[in-house]
1. May I ask you to list pairs of residues, at least six apart or on different chains, whose Cβ atoms are under 6 Å apart, with the first in region 50-75 being more than 15 Å from Ser30 (Cβ to Cβ) and in contact (Cβ under 8 Å) with a residue 12 or more places away in the chain and the second being open to solvent by 80 Å² or more (accessible area, probe 1.4 Å) and among the basic types (Lys, Arg)?
2. Restricting to region 44-54, and then to whatever is modelled with pLDDT under 90 and either in contact with a helix residue (DSSP H, G or I) (Cβ under 9 Å, 6 or more places away or on another chain) or of a type in the set (Gly, Ala, Ser) (or both), can you tell me which residue is nearest to Cys89 (Cα to Cα)?
3. Across region 32-43, what is the total count of residues that are free of Cβ contacts under 8 Å to residues at least 40 places away in the same chain and within 12 Å of Cys89 (Cβ to Cβ)?
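The values are calculated or read from the model by the stated rules, or taken from the named source; none is laboratory data. Computed from a prediction, not measured in an experiment: that's the story for all the values here. Heads up, the Cβs are rebuilt from the backbone with ideal geometry, glycines too, and the neighbour counts pull from every protein chain shown. For the accessible areas, the whole protein counts, side chains as well, though only heavy atoms, and no ligand, DNA or RNA atoms are used. Shrake-Rupley method; radii C 1.70, N 1.55, O 1.52, S 1.80 Å.
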Amino acid sequence: MTTSTQTAWPASVIARYLTVGGATADIRFSAGGWFANAACTGCNDTYQPFDYTGYFLDSEYSLEEAEQKALDSAEQDCAKWAQLHAEKCRAIPRPDGT
């Protein structure tokens, strides 16, 4: 049986995926909470999803609706990336915990 130590998530992290090596692939909201991205705490690989705001504005949504739909889409894209990355990344967490 293995044990893991729980640590507090950074305030901007909304989801974490545990990698094969024990690091995490984190999904974060950017400052202001209007965009999501993902990053690995082991290998420093990152993912910046497409900004769908213009796409939804072209689809006749209001600005607020378009921004929310764009954020939801970015979050879904990040979740897919984080899951796939976590399944193959063998990097171990950095000692400084960042």
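1. Going by the 6 Å Cβ cut-off, there are no qualifying pairs.
2. So the residue we want is Asp51.
3. 1
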